[in-house]
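J.: One structure follows; several queries about it will come next.
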Amino acid sequence: MLRYLTAGESHGELLMGIIEGVPAGLLIRVTDIDNDLGRRQAGYGRGGRMKIEKDTVRILTGVRWGRTLGSPIGLMIRNKDWDNWRAKMSPDPSFLNTAEPVTRPRPGHADLAGALKYGIADIRNILERSSARETAMRVAVGAVAKRLMDEFGIGITSHVIAIGGVYAKGDRMSLKEVRKRAEASQLRCADQQAEKRMMHRIDEAARAGDSLGGIYEIIVSGVPVGLGSHAHWDRKLDARLAAAIMSIQAMKGVEVGSGFGVANKPGSQVHDEIFWGPKGGFFRRTNHAGGIEGGMSNGEDITLRAAMKPIPTLMKPLRSVDMVTRKPFKAAVERSDVCAVPAAAVVGEAVTAFEIAAALIEKFGGDSIDEMKRNHEQYRKYLKDRMGVEEAPV
């Protein structure tokens with residue numbers, strides 16, 4: 001079973017991650033992880049934190065000479081802003097009360113609920129861990145998962161389709177073109193004209209002290225038939241993917257395939273008809289299901305969309321109530337972004353990649369990557385024989 005843990009606070013010394021269950025022999029390069037960390041930090045509308053941090057990872061355990069050992073992989077990302085927070089965030093009790101407690105909860109954050117739940121008076125104990133800074137490590141973990149996917153010819157990309165009510169055009173283009181345009185865009189948007197309007201909307205929000213949310217799409221290609229299961233609720237692939245995306249800070253909605261769009265259409269316009277060809281076997285000409293039927297991958301591209309709320313920390317703060325004095329005030333301001341939808345898309349890629357990698361390991365097993373590949377190849381041969389086709393499916 002593939003699983004991971006992250007640890008660390010926003011202004012703490014570092015972020016840590018442990019990944020368990022990666023098979024032995026998988027090639028892992030620091031540069032692959034650092035590249036994704038850089039993608040997470042990019043994007044028009046990001047805040048001052050991105051000017052301070054330049055995230056890089058250190059692989060501490062589980063890898064020797066570039067290859068995984070089959071033992072837990074330990075990752076570390078240092079917070080460069082730690083020097084300014086040594087006393088305020090020190091684990092040493094001798095620094096107690098060297099920082100003023102935060103008692104003013106910000107609307108839209110975990111501040112108030114967390115303080116009440118854990119019975120604490122200093123909200124900093126909540127906001128440090130609930131911060132989206134934690135997603136840097138999840139991107140690092142996802143980069144490892146992507147390497148596993150690469151071994152089986154599975155690709156993943158993301159692109160922004162809406163920010164602040166400005167939508168990209170739905171013109172059809174190849175996945176390769178979407179990926180190329182998204183990677184070249186400051187907003188990960190494949191529609192250049194829409195990107196300009198989105199940037200203008202971000203500038204308007206910045207001047208008003210406001211923030212913007214949006215929608216991004218994740219596409220996973222080359223997924224074999226049969227990942228996930230219909231048999232148990234917690235093994236359904238779409239449920240696991242939805243949970244993973246909803247675990248990202250500020251996410252408020254997930255769609256699989258046509259998502260909410262199917263609710264107002266008749267079944268004849270929603271369900272994907274099945275065809276058969278002697279070379280490729282079963283296929284569909286549409287993909288409203290988003291590549292998943294009955295909790296299992298069906299061989300088509302997996303398509304997911306996520307809705308991100310506007311960043312709740314505003315330069316023009318909203319009203320709240322002090323937890324100690326009970327007096328009203330304008331919410332405290334922590335350093336933040338105007339728009340982080342492009343960064344969220346990269347995080348969405350990471351958590352999606354992890355769930356796909358986990359499903360691959362469950363399906364094809366093996367203690368080493370070579371054993372997994374042998375099992376995968378046998379499965380391809382089985383599908384070829386079962387469907388009576390000339391070419392084995394992916």
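J.: Would you mind computing, in nm to one decimal, how far apart the modelled labels at LEU96 and ARG374 are, each placed 7 Å from Cα along Cα→Cβ?
T.: Here the answer is 5.9 nm between the modelled labels.
J.: Only Cα pairs under 8 Å and at least 6 apart count here; give the relative contact order of the stretch 275-319 as a rounded whole percent.
T.: So the answer I get is 23 percent.
J.: As an exercise, use a Förster radius of 22 Å and the Cβ-Cβ distance of LEU116 and ALA7 to find the FRET efficiency, rounded to the nearest 0.05.
T.: After rounding to 0.05, the efficiency reads 0.40.
J.: Which of the lysines could a cross-linker bridge to LYS384, judged by Cα under 21 Å and excluding same-chain residues fewer than eight apart?
T.: LYS279, LYS363, LYS373
J.: Something else: Sum -39500 (n - 2.57) across every DSSP H segment of at least 4 residues in the chain, then divide by the residue count to get the 222 nm mean residue ellipticity, nearest 500.
T.: -10000 deg cm²/dmol
J.: Restricting attention to the alpha-carbon atoms of the chain, what are Rg (one decimal) and Dmax (integer), both in Å?
T.: Calculated on Cα positions, Rg and Dmax stand at 22.5, 75 Å.
J.: Continuing with the same structure: Contact order normalised by length for the chain, with contacts defined as Cα pairs under 8 Å and 6 or more residues apart; what percent is it?
T.: Here the relative contact order equals 22 percent.
J.: What FRET efficiency comes out for the pair ARG207/ALA87, r = Cβ-Cβ distance, R0 = 35 Å, nearest 0.05?
T.: Rounded to the nearest 0.05, the efficiency is 0.50.
J.: Show which lysines lie in cross-link reach of LYS252 when reach means a straight Cα distance below 17 angstrom and same-chain residues fewer than eight apart are skipped.
T.: LYS309
Any read-out appearing in this document is the output of simple, stated calculations on the displayed coordinates, not a laboratory observation. Keep in mind that what you see is a predicted model, and the values were worked out from it rather than measured. Cβ: placed from backbone, ideal geometry, glycine included. Neighbour counts: every protein chain shown.
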